[in-house]
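Structure first, commentary second.
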Amino acid sequence: MGTVAGVSGRFGAWIARDGPDEVFALSSEIVAAQGDTAVARVEVVYGEPPERTYRDLWVITLSDDGRCRAFEEWPFFPGQARAASRR
């Protein structure tokens with residue numbers, strides 16, 4: 001995929017996996033926050049009707065100007081193989 005930069009580059013690279021018209025729903029909630037670091041529980045459901053569901057924990061650290069300084073993703077694929085199959 002190469003290097004992506006910035007929020008739009010990183011997010012755009014992620015959602016364009018099966019094309020820009022891929023149907024998905026994303027929901028999230030912050031489950032912990034302390035200082036400049038927060039943890040969010042994220043669920044992404046792909047397809048309509050739903051075909052694949054992924055759950056993640058995101059650990060996000062913000063810089064003084066409010067931008068993301070560090071990001072970790074801890075994925076969980078309930079009832080599925082660890083990697084998404086390519087269609």
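Computed from the coordinates by the stated procedures, all read-outs in this text should not be read as laboratory data. Worth saying up front: this structure is predicted, and the values here are computed from it rather than measured. Glycine gets a Cβ as well: all are built from the backbone with ideal geometry, and neighbour counts include every protein chain shown.
Quick one: grab the alpha carbon gyration tensor of region 23-76, order the square roots of its eigenvalues as a ≥ b ≥ c, and give me rounded if a/c is under 1.5, else prolate or oblate depending on whether a/b is larger than b/c.
prolate
Give the order of Asp36, Asp56, Asp21 when sorted by the count of other beta carbons within 10 angstrom, beginning with the fewest.
On the way: Asp36 13, Asp56 16, Asp21 6.
Ranking Asp36, Asp56, Asp21 by Cβ neighbours within 10 Å, fewest first, gives Asp21, Asp36, Asp56.
Whole-Hz Karplus ³J(HN,Hα) for region 29-38, in order, using 6.51 cos²θ - 1.76 cosθ + 1.60 and θ = phi - 60°, x for Gly and Pro?
My calculation for region 29-38 gives 8, 7, 10, 7, 8, 8, x, 9, 10, 9 Hz in order.
For region 45-50, what does the Karplus curve 6.51 cos²θ - 1.76 cosθ + 1.60, with θ = phi - 60°, yield as ³J(HN,Hα) per residue in whole Hz, taken in order and with x for Gly and Pro?
10, 9, x, 9, x, x
Could you put Trp74, Trp58 in order, starting from the residue whose Cβ has the fewest other Cβ atoms within 10 Å?
Ranking Trp74, Trp58 by Cβ neighbours within 10 Å, fewest first, gives Trp74, Trp58.
Sequence-distant or interchain residues sharing an amide H contact under 5 Å with Phe24, placed H: which?
Gly47
So, by mean Cβ neighbours within 10 angstrom, what's the order for 39-50, 62-73 with the highest one leading?
Packing order, densest peptide first, comes out as 39-50, 62-73.
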